[in-house]
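One structure is given here, and the rest of the page talks about it.
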Amino acid sequence: MVTRERPTLEAVARRAGVSRATVSRVVNGSTTVAVAIRDAVNQAVDELGYVPNQAARSLVTQRTESIALILPETANRVFSDDLFFPAVIRGVSTELEAADKQLVLMMAGSAASHDRVERYAMAGHVDGVMFASMHGADPLPGTLFRLGIPVVCSGRPMTPAELPVPYVDVDHFGGVAAAVRHLVATGHRRIATVAGPQDMVAGIDRLAGYRTALREAGLTEHVAVGDFTRDSGLHAMHQLLAGDPGLDAVFVASDMMAHGALQALKESGRTVPGDVAVIGFDDVEISRLSDPALTTVRQPIVDMGRTMARLLLGVVDDHRDVPESVVLPTELVVRASA
């Protein structure tokens with residue numbers, strides 16, 4: 001079997017009629033080389049099929065061309081049937097692929113894995129870091145930010161006010177308030193909520209939106225808390241019905257939990273929307289496939305991932321200052337359940 005030798009910088013230099021140093025500058029993105037020479041080098045690269053040695057290139061550029069997406073969740077949670085995570089990853093990977101960057105997906109759902117991720121990022125194995133699905137006042141984004149590592153979070157981080165870590169979020173509060181006002185406008189008066197986890201900004205802001213809209217209408221709160229999983233929605237809905245069997249509507253802080261709530265209502269002999277109207281949050285595929293189809297607050301999950309990647313690439317590639325945070329709009333999508 002004959003193996004073809006990998007083309008070298010020297011071979012490219014001979015083909016282009018320039019020095020090895022000139023070829024190195026061109027392949028490492030230097031803009032100081034004359035256009036005609038740069039074109040000759042790029043033509044030689046194409047003709048020979050030269051692929052830069054990434055390890056050697058990193059020594060020159062001090063860049064890895066890799067970006068980390070860190071999910072502070074367990075593998076079982078990320079690779080479940082919850083479509084939130086695949087949508088974020090799809091948005092991020094679309095932007096990174098277009099920029100010729102490698103996505104490094106890391107999970108940090110335990111103290112040990114959190115420490116491992118911190119060591120990896122601080123050792124310079126990636127050019128920037130994105131965080132999604134953050135719980136509590138996780139110090140890692142702020143630690144990396146202080147060290148000068150480009151960081152962008154999906155969701156407003158619970159970092160100190162003096163540490164402006166940039167983020168991409170959605171209007172949780174406004175979206176939920178609009179959903180509850182819709183329930184009030186359609187005649188519902190005993191409106192409950194299955195809130196999201198209260199160690200996450202999304203869970204906190206969605207509960208605040210519910211409470212504000214309830215106060216506006218002069219109605220009484222009925223609150224149970226889940227963790228964005230289907231099972232937690234099932235159990236929380238049974239808990240709410242046990243507390244007040246006459247509930248006539250429920251806002252559920254994620255579509256997965258809403259799917260569990262629908263199951264609980266069916267098990268309890270309630271019809272939807274006849275006895276109890278149901279609204280979720282996300283607008284993932286399960287909302288359209290539920291029976292009945294789920295009214296929900298749409299958040300642009302893929303766009304969140306893409307926007308997060310764009311902000312980070314602006315710092316990594318274009319050497320921009322810390323970007324302004326972005327809050328994307330939400331939209332109430334009315335279907336059969338409410």
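Looking at (1) closer than 20 Å to SER337 by Cβ; (2) at pLDDT below 95; (3) of a type in the set (A, V, I, L, M), which one does VAL184 not meet, given that it meets all the others?
(2)
Got a sec? Which of LEU147, LEU140, LEU83, LEU69 is aliphatic (A, V, I, L, M), within 15 Å of MET308 (Cα to Cα) and in contact with a helix residue (DSSP H, G or I) (Cβ under 9 Å, 6 or more places away or on another chain)? Quick ask: steps written out before the conclusion?
Values: LEU147 fails: within 15 Å of MET308 (Cα to Cα); LEU140 fails: within 15 Å of MET308 (Cα to Cα); LEU83 fails: within 15 Å of MET308 (Cα to Cα).
None of the other options fit; the residue is LEU69.
In the stretch 195-206, what residues are of a type outside the set (Asp, Glu), in contact (Cβ under 8 Å) with a residue 24 or more places away in the chain and either closer than 18 Å to THR295 by Cα or open to solvent by 40 Å² or more (accessible area, probe 1.4 Å) (or both)?
Filtering the stretch 195-206 for residues of a type outside the set (Asp, Glu) gives 195-198, 200-204, 206.
Now drop any that are not in contact (Cβ under 8 Å) with a residue 24 or more places away in the chain, which leaves 195-198, 200-203, 206.
Once the filter is applied, which keeps residues that are of a type outside the set (Asp, Glu), in contact (Cβ under 8 Å) with a residue 24 or more places away in the chain and either closer than 18 Å to THR295 by Cα or open to solvent by 40 Å² or more (accessible area, probe 1.4 Å) (or both), the stretch 195-206 yields ALA195, GLY196, GLN198, ARG206.
Can you find, within the stretch 104-136, the residue that is farthest from ARG156 (Cα to Cα) among those that are open to solvent by less than 40 Å² (accessible area, probe 1.4 Å) and part of a strand (DSSP E or B)?
By that ranking, first place goes to VAL104.
THR212 versus (1) closer than 19 Å to ALA202 by Cβ; (2) in contact (Cβ under 8 Å) with a residue 40 or more places away in the chain: which is the lone unmet condition?
So THR212 meets the others, but not (2).
If you check every pair at least six apart or on different chains, which have Cβ atoms under 8 Å apart with a residue in the stretch 114-133 that is at pLDDT below 85 first and a residue that is open to solvent by 50 Å² or more (accessible area, probe 1.4 Å) and not in a helix (DSSP H, G or I) second?
The qualifying pairs are MET122/LEU147.
Would you pick out the residues in the stretch 169-187 that are aliphatic (A, V, I, L, M) and either open to solvent by 10 Å² or more (accessible area, probe 1.4 Å) or part of a strand (DSSP E or B) (or both)?
Within the stretch 169-187, the first condition is being aliphatic (A, V, I, L, M), and the residues that meet it are 170, 176-180, 183-185.
VAL170, ALA178, VAL184, ALA185, listed by residue number.
Within the stretch 146-157, can you find the residues that are open to solvent by 40 Å² or more (accessible area, probe 1.4 Å) and within 25 Å of ILE301 (Cα to Cα)?
Taking the stretch 146-157 first, the residues open to solvent by 40 Å² or more (accessible area, probe 1.4 Å) are 146-148, 156.
Within the stretch 146-157, ARG156 is the sole residue that qualifies.
For residues that are within 22 Å of ALA68 (Cα to Cα) and among the acidic types (Asp, Glu), scanning just the stretch 308-335, find the one that is modelled with the highest pLDDT.
Filtering the stretch 308-335 for residues that are within 22 Å of ALA68 (Cα to Cα) and among the acidic types (Asp, Glu), the one modelled with the highest pLDDT comes out as GLU324.
Among (1) under 26 Å from GLY226 (Cα atoms); (2) modelled with pLDDT of 85 or more, there is one condition PRO157 misses while meeting the rest; what is its number?
(2)
From the set of residues in the stretch 278-307 that are assigned to a helix (DSSP H, G or I) and over 10 Å from the mean Cα position of the chain (by Cα), which is nearest to ALA179 (Cα to Cα)? Break it down into steps so the answer makes sense when it comes.
First, pick out the residues of the stretch 278-307 that are assigned to a helix (DSSP H, G or I): 285-289, 301-307.
Now drop any that are not over 10 Å from the mean Cα position of the chain (by Cα), which leaves 285-289.
Numbers: GLU285: 19, ILE286: 18, SER287: 15, ARG288: 17, LEU289: 20 Å.
Out of the qualifying residues, it is SER287.
With the structure loaded, tell me whether SER80 is farther than 30 Å from SER254 by Cβ, open to solvent by less than 70 Å² (accessible area, probe 1.4 Å) and either within 33 Å of the chain's Cα centre (by Cα) or modelled with pLDDT under 80 (or both) or whether it fails that test. Break it down stepwise before answering.
Working: farther than 30 Å from SER254 by Cβ: no; open to solvent by less than 70 Å² (accessible area, probe 1.4 Å): yes; either within 33 Å of the chain's Cα centre (by Cα) or modelled with pLDDT under 80 (or both): yes.
Against the criterion (farther than 30 Å from SER254 by Cβ, open to solvent by less than 70 Å² (accessible area, probe 1.4 Å) and either within 33 Å of the chain's Cα centre (by Cα) or modelled with pLDDT under 80 (or both)), SER80 does not qualify.
If LEU96 satisfies every condition in (1) closer than 22 Å to ARG306 by Cβ; (2) out of contact with any Leu (no Cβ under 9 Å at 6 or more places or on another chain); (3) open to solvent by less than 10 Å² (accessible area, probe 1.4 Å) but one, which is the exception?
It is condition (2) that LEU96 fails.
Which residue, of ALA213, ALA192, ALA224, is under 16 Å from ALA277 (Cα atoms), small (Gly, Ala, Ser) and open to solvent by less than 10 Å² (accessible area, probe 1.4 Å)? Break it down into steps so the answer makes sense when it comes.
Values: ALA213 fails: under 16 Å from ALA277 (Cα atoms); ALA224 fails: under 16 Å from ALA277 (Cα atoms).
Going through ALA213, ALA192, ALA224 in turn, the sole match is ALA192.
Could you tell me whether any residue of the stretch 87-100 is among the aliphatic types (A, V, I, L, M), out of contact with any helix residue (DSSP H, G or I) (no Cβ under 6 Å at 6 or more places or on another chain) and at pLDDT 85 or above?
Looking for residues that are among the aliphatic types (A, V, I, L, M), out of contact with any helix residue (DSSP H, G or I) (no Cβ under 6 Å at 6 or more places or on another chain) and at pLDDT 85 or above, one finds at least one in the stretch 87-100, hence yes.
Does PHE228 qualify as being within 20 Å of the chain's Cα centre (by Cα) and not in a helix (DSSP H, G or I)? Break it down stepwise before answering.
Values: within 20 Å of the chain's Cα centre (by Cα): yes; not in a helix (DSSP H, G or I): yes.
Yes, satisfied.
So which of ASP283, ASP227, ASP291 ends up being acidic (Asp, Glu) and within 18 Å of GLY175 (Cβ to Cβ)?
Working: ASP227 fails: within 18 Å of GLY175 (Cβ to Cβ); ASP291 fails: within 18 Å of GLY175 (Cβ to Cβ).
Exactly one of ASP283, ASP227, ASP291 is acidic (Asp, Glu) and within 18 Å of GLY175 (Cβ to Cβ), namely ASP283.
Which residue out of LEU265, LEU247, LEU219 is outside any helix (DSSP H, G or I), more than 26 Å from PRO329 (Cα to Cα) and open to solvent by less than 10 Å² (accessible area, probe 1.4 Å)?
Details: LEU265 fails: outside any helix (DSSP H, G or I); LEU219 fails: open to solvent by less than 10 Å² (accessible area, probe 1.4 Å).
When all the criteria are applied, what remains is LEU247.
The values are calculated or read from the model by the stated rules, or taken from the named source; none is laboratory data. As the structure is a computational prediction, the values presented were derived from the model and not from experiment. Cβ atoms come from the backbone with ideal geometry, glycine included; neighbour counts cover every protein chain shown. These area figures cover heavy atoms from the full protein model, side chains too; ligands, DNA and RNA do not enter into them. Shrake-Rupley method; radii C 1.70, N 1.55, O 1.52, S 1.80 Å.
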